[in-house]
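The values are calculated or read from the model by the stated rules, or taken from the named source; none is laboratory data. Keep in mind the model is a prediction, meaning the values are calculated, not measured. Reconstructed Cβ throughout: ideal geometry from the backbone, glycine too, with neighbour counts over all protein chains shown.
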2 protein chains.
Amino acid sequence: MERIRSTELAQHVGEQVRLRGWLHHSRVLSHVSFLILRDGWGTSQIVPADPVVLSDLAAESVIEVDGRAVAEPRAPGGVEVREASIRVLSPAQAGLPLELFRPSIDAALPRILDHAALALRHPRRRAAFRLMEASVAAYRAVLREHDFTEVFTPKIVATATESGANTFQLDYFGRPAYLAQSPQLYKQTLVGVFERVFEVGPVFRAEPHDTPRHLNEYVSLDAEMGFVTDHRDVMAMLEVTIRAMARAATAHPSAATARARLPIQLPERFPVLHFAEALELLASDFGDGVRTEPDLAPAHERWLGEWALRVHGSDFLFILGYPMQKRPFYTHPDPDRPEYSRGFDLLFRGLETVTGGQRLHRSEDYEAVMRERHVDPTPFASYLEAFRYGMPPHGGFAIGLERWVQQLVGASNLRETTLFPRDLSRLVP
Amino acid sequence: MERIRSTELAQHVGEQVRLRGWLHHSRVLSHVSFLILRDGWGTSQIVPADPVVLSDLAAESVIEVDGRAVAEPRAPGGVEVREASIRVLSPAQAGLPLELFRPSIDAALPRILDHAALALRHPRRRAAFRLMEASVAAYRAVLREHDFTEVFTPKIVATATESGANTFQLDYFGRPAYLAQSPQLYKQTLVGVFERVFEVGPVFRAEPHDTPRHLNEYVSLDAEMGFVTDHRDVMAMLEVTIRAMARAATAHPSAATARARLPIQLPERFPVLHFAEALELLASDFGDGVRTEPDLAPAHERWLGEWALRVHGSDFLFILGYPMQKRPFYTHPDPDRPEYSRGFDLLFRGLETVTGGQRLHRSEDYEAVMRERHVDPTPFASYLEAFRYGMPPHGGFAIGLERWVQQLVGASNLRETTLFPRDLSRLVP
């Protein structure tokens, strides 16, 4: 007999069915005994023909169940499997370190992360990663529709991408090498080849930050596009991309299980606030001192996120024109106000989730900015070669995937939306 | 006016059009002058209204062309743009280090790789990476159709994945850490969560091999599936996947430009040869000594590839049952011949392109094999926890993406089908 999924059970009422999965939970009562089987997609209630089988079967044992699907209004999903024979495919040991059958895992985050191999089996935790994959699939689909080519660039690099700070160093056959902080330089170079590129891959930041919003390795959804007029083309493409990701996550069958914060508030157009305007707004609550800040603090972003929701009915807010001094050397200045850049962030529910902007594209602009910033051009020789031989005006963005999911499900810590997070103290599992 | 792509030009005959791209080539002759514009997708022939513009325009300059599309049988594609005005968007310097307009780049591979930022612009080289992306898209699509979930696992790990040898070590906030040689242990763990998973990501091998078939960083297309009967379910899934990838590459508009070796010979079923049978066959040409080999050498694989094509009309050949002694600890033995494994390779045109197999799934089997192989279980604690608490029979495979494309286009060196290859001596660009 072919195995069906728990989520297909309702289509088989009255039939003999076979399910396979894990023993999620069992209850042996005087009048009735039942078990909950969990497979990769959901759970089903099972009433065994001989309840004695449950007495020494540990939670998380892998089982195969044959029985009859019967409508039962009191069962979750309105169907249960009765007169079931249970075959143990792979027994679990007793003493599961976390209880997985309750609506949430009742343990502190470090313990949950220590036992990730088990904790991720919890339906609610698992569902968040199904939203993650759906978001990534939507990201790729929309960019491919818009003629972006997916690329794979190296993660071992000879020089720090943007600055010497905050990079992991490794031993490359006796020479020093580094882990790429972003595919930035490669994706720009590849605009010269494919015009429009994207990459989904790990990035590595040796930042010694121990906060709920930082990880030392995360997945970056990068894109870069050529022949733009200016940053506005990039922002428009990002907006299209984010809408597609939001649609995919909203429509996903796992959204309810993950307790995604729906609906996502998407106005006609994402509001855009210039960095200087943002400081003006913030001054009302944070005081005049904020007007001279070169960047936004997390509390400022949260405030602006609330403002965007209140004033524009939007979960998203573009902050445009960050001061040049805080942006990397390839950032394109605003020609009208050269102390400000054509760089932007996109806040999602008050958290910086995307960074992007227009980049410099003329060889002489790179030479000038490197002189000005005292950046040695030698390690960038190959990158600069692309600009010497014709690069169109271009720009791009990078979405932090785990942050996207964090905001989607309202997790208080980025580690909850990372399968196996890496931070200052965590290298295992 | 909206810009059209070079590949759309034939649909606009008789119309005024705008193209943007790079000056691929120009010829100033006494009777006629023309240029070839290359954009992200193809090339178009342009006859400028005023040929003087070409006299000091360097190759690879970024230009915008406005003119009239005219049917012209002598032009490539049967259409050219006449009376064209040329606007320079971003001039290139003179002295391009590689000539990009010939059918192939006339330079040695090291020089081509040194100037990757430019060499990749060559239509033939670029096209190989379009086949790469199409292959990956097909890989993901077919696995998603079969209910696999895409996952993202960490590349910085606390212990070498499978053995201490051949791993890159890095400094993780003062502690040693390693780059993951594969997502093997994570993808197995995640079978316990999602049942079926896949990952597309970089893997890192510190192997000091300087060969045309090895790289120190490459893209691995990994998959792992639970509730298998044995290795045959895994091989069947792989075969479905490979067929989808082959279809996608064959149908791709870039296949001709990349000079893909088509058709790909796909018989009704991929032939399967047991490792011991393979050695028997090889003995006829390589002598009796080959019968005691524990693994296949590259020359053996090539021989077997030719055999599969000759005897089975197949570009693919499964070699099943590699000796246990050469396979990693998680490999499932063949219960009938325990010196052989349920591990397989898939040869594509005589090159090992995929490795896979059924894995052990019972906790006690892992304990036994680790004792036997003198593997310290301590660093694998989290992995082993998954097996203590219920893991179904499972298996999976890993496709080497660059090797796939190498065999697809018949490149003699893996470096030709890697955007920015990493090897013993190459960390740049």
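Can you confirm whether segment B:283-306 contains a residue that is closer than 25 Å to residue B:127 by Cα and either part of a helix (DSSP H, G or I) or more than 14 Å from chain A (Cβ to nearest Cβ) (or both)?
Among the residues of segment B:283-306, not one is closer than 25 Å to residue B:127 by Cα and either part of a helix (DSSP H, G or I) or more than 14 Å from chain A (Cβ to nearest Cβ) (or both), which makes the answer no.
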How many residues of segment B:215-248 are over 24 Å from residue B:421 (Cα atoms), part of a loop (DSSP other than H, G, I, E, B) and within 12 Å of chain A (Cβ to nearest Cβ)? The answer is 3
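For segment A:128-172, how many residues are in a loop (DSSP other than H, G, I, E, B), within 11 Å of chain B (Cβ to nearest Cβ), more than 21 Å from residue B:424 (Cα to Cα) and among the hydroxyl-bearing types (Ser, Thr, Tyr)?
Step one: list which residues in segment A:128-172 are in a loop (DSSP other than H, G, I, E, B), which gives A:146-148, A:151-155, A:158-168.
With the extra rule that they be within 11 Å of chain B (Cβ to nearest Cβ), the set shrinks to A:147-148, A:151-155, A:158-159, A:167-168.
Filter once more, keeping what is more than 21 Å from residue B:424 (Cα to Cα): A:147-148, A:151, A:167.
Now drop any that are not among the hydroxyl-bearing types (Ser, Thr, Tyr), which leaves A:167.
Count: 1.
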Residue pairs qualifying under the 6 Å Cβ cut-off, at least six apart or on distinct chains, with the first in segment A:81-97 being within 9 Å of residue A:59 (Cα to Cα) and the second being aromatic (Phe, Trp, Tyr) and surrounded by 19 or more Cβ atoms within 10 Å (Cβ to Cβ), are A:92/B:389; A:96/B:389
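Only one residue in A:202, A:212 is over 30 Å from residue B:43 (Cα atoms), part of a loop (DSSP other than H, G, I, E, B) and assigned by TED's automatic domain parsing to the domain that holds residue A:139. Which one? Give the steps one after another, and end with the answer.
Working: A:202 fails: part of a loop (DSSP other than H, G, I, E, B).
After ruling out the rest, the residue left standing is A:212.
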Among A:252, A:300, the single one that is assigned by TED's automatic domain parsing to the domain that holds residue A:140 and within 30 Å of residue A:147 (Cα to Cα) is A:252
Going through (1) over 22 Å from residue A:394 (Cβ atoms); (2) in contact (Cβ under 8 Å) with a residue 40 or more places away in the chain; (3) in contact with a helix residue (DSSP H, G or I) (Cβ under 8 Å, 6 or more places away or on another chain); (4) in a strand (DSSP E or B) one by one, residue B:45 fails only at (2)
Scanning segment B:315-329 for residues that are of a type outside the set (D, E, K, R), crowded, with 23+ Cβ neighbours inside 10 Å and assigned to a loop (DSSP other than H, G, I, E, B) gives B:321, B:322
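Check B:246, B:251 and return the single one that is within 19 Å of residue B:348 (Cβ to Cβ), small (Gly, Ala, Ser) and buried (at least 16 other Cβ atoms within 10 Å of the Cβ). Spell out the reasoning first.
On the way: B:251 fails: buried (at least 16 other Cβ atoms within 10 Å of the Cβ).
Answer to the selection: B:246.
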Residue B:360: passes all of (1) within 13 Å of another protein chain (Cβ to nearest Cβ); (2) among the aliphatic types (A, V, I, L, M); (3) over 22 Å from residue B:275 (Cβ atoms) but (3)
Here the residues within segment A:339-389 that are in contact with a Gly (Cβ under 6 Å, 6 or more places away or on another chain) and part of a helix (DSSP H, G or I) are A:386
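Being free of Cβ contacts under 8 Å to residues at least 12 places away in the same chain and over 16 Å from residue A:351 (Cβ atoms) narrows it down to one residue among A:259, A:269, A:232; which is it?
Values: A:259 fails: free of Cβ contacts under 8 Å to residues at least 12 places away in the same chain; A:269 fails: free of Cβ contacts under 8 Å to residues at least 12 places away in the same chain.
The unique qualifying residue is A:232.
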Restricting attention to segment A:374-429, the residues that are within 18 Å of the chain's Cα centre (by Cα), within 23 Å of residue A:327 (Cα to Cα) and at the interface with chain B (Cβ under 10 Å from one of its Cβ atoms) number exactly 2
Going through segment B:60-81 in order, the residues found to be part of a strand (DSSP E or B) and either on the phi > 0 side of the Ramachandran plot or over 35 Å from the mean Cα position of the chain (by Cα) (or both) are B:65, B:66, B:67, B:68, B:69, B:70, B:71, B:80, B:81
Check: Is there a residue being in a strand (DSSP E or B) and more than 30 Å from residue B:263 (Cα to Cα) anywhere in segment B:406-426?
Finding: yes
Scanning segment B:184-198 residue by residue, the ones that are more than 10 Å from chain A (Cβ to nearest Cβ) and of a type outside the set (S, T, N, Q) total 1
Residue A:92 fails exactly one of (1) over 21 Å from the mean Cα position of the chain (by Cα); (2) among the aliphatic types (A, V, I, L, M); (3) more than 9 Å from chain B (Cβ to nearest Cβ), namely (3)
Of those in segment A:111-127 that are closer than 17 Å to residue B:389 by Cα and away from every other protein chain (no Cβ under 11 Å), the residue surrounded by the fewest Cβ atoms within 10 Å (Cβ to Cβ) is A:111
In this structure, is residue A:195 at pLDDT below 95 and acidic (Asp, Glu)?
no
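Confirm whether residue B:366 is aromatic (Phe, Trp, Tyr) and either away from chain A (no Cβ under 11 Å) or surrounded by fewer than 19 Cβ atoms within 10 Å (Cβ to Cβ) (or both).
Against the criterion (aromatic (Phe, Trp, Tyr) and either away from chain A (no Cβ under 11 Å) or surrounded by fewer than 19 Cβ atoms within 10 Å (Cβ to Cβ) (or both)), residue B:366 qualifies.
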In segment B:71-110, anything loosely packed, with under 13 Cβ neighbours inside 10 Å, within 30 Å of residue B:215 (Cβ to Cβ) and of a type outside the set (Asp, Glu) is listed as B:102, B:103, B:104, B:108, B:110
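Any idea how many residues of segment B:326-348 are within 24 Å of residue B:401 (Cβ to Cβ) and at pLDDT 95 or above? Working first, answer last.
Going through segment B:326-348, the residues within 24 Å of residue B:401 (Cβ to Cβ) turn out to be B:326-328, B:330-331, B:343-348.
In the following step, the residues that additionally are at pLDDT 95 or above were identified as B:330-331, B:343-348.
Number of matching residues: 8.
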Contact list, first residue from segment B:343-361 and closer than 16 Å to residue B:315 by Cα, second anywhere and among the small types (Gly, Ala, Ser) and not in a strand (DSSP E or B), beta-carbon distance below 6 Å, six or more apart or interchain, is B:347/B:305; B:349/B:305; B:350/B:305
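Looking at B:339, B:385, can you tell me which residue is touching a helix residue (DSSP H, G or I) at 6+ places or on another chain (Cβ under 8 Å), crowded, with 19+ Cβ neighbours inside 10 Å and among the acidic types (Asp, Glu)?
Details: B:339 fails: crowded, with 19+ Cβ neighbours inside 10 Å.
Answer to the check: B:385.
Which is surrounded by 13 or more Cβ atoms within 10 Å (Cβ to Cβ) and assigned to a loop (DSSP other than H, G, I, E, B), of A:57, A:19, A:23?
Details: A:19 fails: assigned to a loop (DSSP other than H, G, I, E, B); A:23 fails: assigned to a loop (DSSP other than H, G, I, E, B).
Just a single option satisfies the conditions, and that option is A:57.
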